[in-house]
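The values are calculated or read from the model by the stated rules, or taken from the named source; none is laboratory data. Bear in mind the structure is a predicted one, so any value in this text is a computation, not a measurement. FYI the Cβ positions are ideal-geometry reconstructions off the backbone, even for glycines, and counts take in every protein chain you see. Please note that ligands, DNA and RNA were not included when accessible areas were found on the heavy atoms of the full protein model with its side chains. Shrake-Rupley method; radii C 1.70, N 1.55, O 1.52, S 1.80 Å.
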Amino acid sequence: MAPSKQITPKPKTPKKQQQLAPAKKVRAPRKQPPAPAKKVRAPRKQPPAMKANQQQLSPGPDIISDLSDCILIHILSFMDAQEAVQTCILSKRWINVWKKLHTLTLLDYSELSGKLFEHFVFKFLSLRDDQTDIHSILLHPPFLRKECNKLVYHILKYAFSHHVQHLLINFICFKPNCFSFSSSTLKSLELTSDHLISGVISIFPNSLNFPALTTLSLSYFTFFSNEDGCAEPFSTFNMLNTLIIHHCQVLHKRHLCISNAKLENLSITMCYYMISRTYFEIELYAPSL
Amino acid sequence: MAEEVSSQMNSLSISETNPSSSATISLVSGDDIVFKVEPTIAKEMETVQSFIDETDGKITTIPLPNISSHDLPYVIEYCEKSIAGKITKEFEAEFVKKLNNEEVKELFLAANYLNIKKLLDFLSQVIADRIANKSVEYVRRYFGIENDFTPEEEAKLREELAWTFTGVDPDDEDEN
């Protein structure tokens, strides 16, 4: 292991070589403050047994902790939120790193009871750094329980006020208050509800204000039609590029109008055991398809 | 030694100001081994490419003092596959199989330094996967982190963080 493996290289060729240095800032724009000055490590406190173990697994020096916050956060962003938060106990260097995480990803929260899950999300959102935007919130299967409505509303409210760009939520039933937001930053929205479990339909309203939305995926949603008998839930999404409608229905057998000039990808899956058990007509205007 | 390398670099770069020699880029590892690569490979490495651009392509020998000759071939291999559009799940699985924990961390630093987004993302995922569902003690050993909390401080912190440690399986037995 070359001891020179540090992240702040100063290649020593003359003149322009120093141009290399700025580039090392790498991925994230420099909104993170620089890492706190390295503290002198305290003398080892670990018992010898621990040390032996340590060497067995990881003979090298701690080359990761010396990286800047934004790179550590980059690693954390690939983890489940619960694991990411737990890194705060690794050492003093890590204690606040997770707070600048710009993702909330929960891949499998089936182990947590409804209450604990709710508690976790509330804590996560209230203790993270409020000045840091949240780019993506991904709540993967299983479905959030019906009682979680307040939580889902809270998550959405927080997300939209922190400039969220990507939202993926599985929730048994989305109430209308879930759609009381507008956002100029939201790029992708993926919602899955399930009226087969809840017995209650989730309505995706017309004329939502998400001007930057490029990808929309809806599963098990119901669309309402206007007075003219046509449901046009996507007409306001001028940037929409990809639309996936999976097992959705239009109430009262009306038309579904899809009219999006920039739409390039469209996927529609139908399912006959929907509540209405009827098909509906689709009017399609998508010159870019 | 760094001084030596730099003076050597200097003479090399002067001798290569001829535009016709821009066909290949020489990457010089920290331990002084020269790897000749196609300019397309250099394009994948943003740090290298921006350096070349800054000098209007006149300098084609790039010292990479932080990257060893052990790690650089892996980086080049990944970039080659990336250019060929052949980064598949299978390739990545095979690629990572060859790497031990230390190598993963070193390549991560290399990808960070060279600013290769795809490789950095891939290795971030690898690291995240390797410490998934592991105990705090395991992760400390994985990263080589020395625990600088006193037992009292750690106990207090764990208490404050009960909301995130709920339901965690203390799986510390997993071998590398």
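Laid out as a table, the results:
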{"read-out": "Protein heavy-atom accessible area occluded, A/B pair - total, 1.4 Å probe, Å²", "value": "5900 Å²"}
{"read-out": "Flagged links, alpha-carbon separation over 18 Å, of A:Lys99/A:Lys187; B:Lys58/B:Lys117; B:Lys43/B:Lys118; A:Lys92/B:Lys156; B:Lys36/B:Lys58; A:Lys123/A:Lys157", "value": "A:Lys99/A:Lys187; B:Lys58/B:Lys117"}
{"read-out": "Using a Förster distance of 41 Å, the FRET efficiency for B:Lys36-B:Ala93 (Cβ separation, nearest 0.05)", "value": "0.90"}
{"read-out": "Nearest-0.05 FRET efficiency for A:Tyr153 and A:Ala212, computed from C-beta distance (R0 25 Å)", "value": "0.70"}
{"read-out": "Packing rank of A:173-183, A:260-270, where each peptide gets the mean count of other beta carbons within 10 Å, highest leading", "value": "A:173-183, A:260-270"}
{"read-out": "Per residue accessible area in Å² of region A:201-289, where ligands, DNA and RNA are left out and the probe is 1.4 Å", "value": "50 Å²"}
{"read-out": "Fraction of alpha-carbon pairs over 26 Å apart in region A:84-236 - percent", "value": "28 percent"}
{"read-out": "Local electrostatic count, A:Leu256, Cβ distance below 10 Å [Lys/Arg +1, Asp/Glu -1]", "value": "-2"}
{"read-out": "Partner chain coverage, peptide B:61-72 - average Cβ within 10 angstrom", "value": "4"}
{"read-out": "In nm, spacing of pseudo-spin labels at A:His140 and B:Glu159 (7 Å Cα→C-beta vector)", "value": "3.6 nm"}
{"read-out": "Inter-chain Cβ neighbour average for residues B:134-143, partner chain, 10 Å", "value": "6"}
{"read-out": "Burial order of peptide ranges A:113-121, A:65-73, B:62-70 (average beta-carbon count within 10 Å, highest first)", "value": "B:62-70, A:65-73, A:113-121"}
{"read-out": "A:Leu251 versus A:Asn226: modelled label distance in nm, points set 7 Å from Cα along the beta carbon direction", "value": "1.7 nm"}
{"read-out": "Dimensionless Rg over Rh [region A:201-289; C-alpha; Kirkwood]", "value": "0.93"}
{"read-out": "Net charge dipole size for region A:135-289 [Lys, Arg +1 and Asp, Glu -1 on Cβ; Debye, nearest 20]", "value": "440 debye"}
{"read-out": "Residue mean of other protein chain beta carbons inside 10 Å, B:144-157", "value": "5"}
{"read-out": "Two-site FRET efficiency, A:Met239 against B:Thr150, from Cβ-Cβ distance with R₀ of 41 Å, rounded to 0.05", "value": "0.15"}
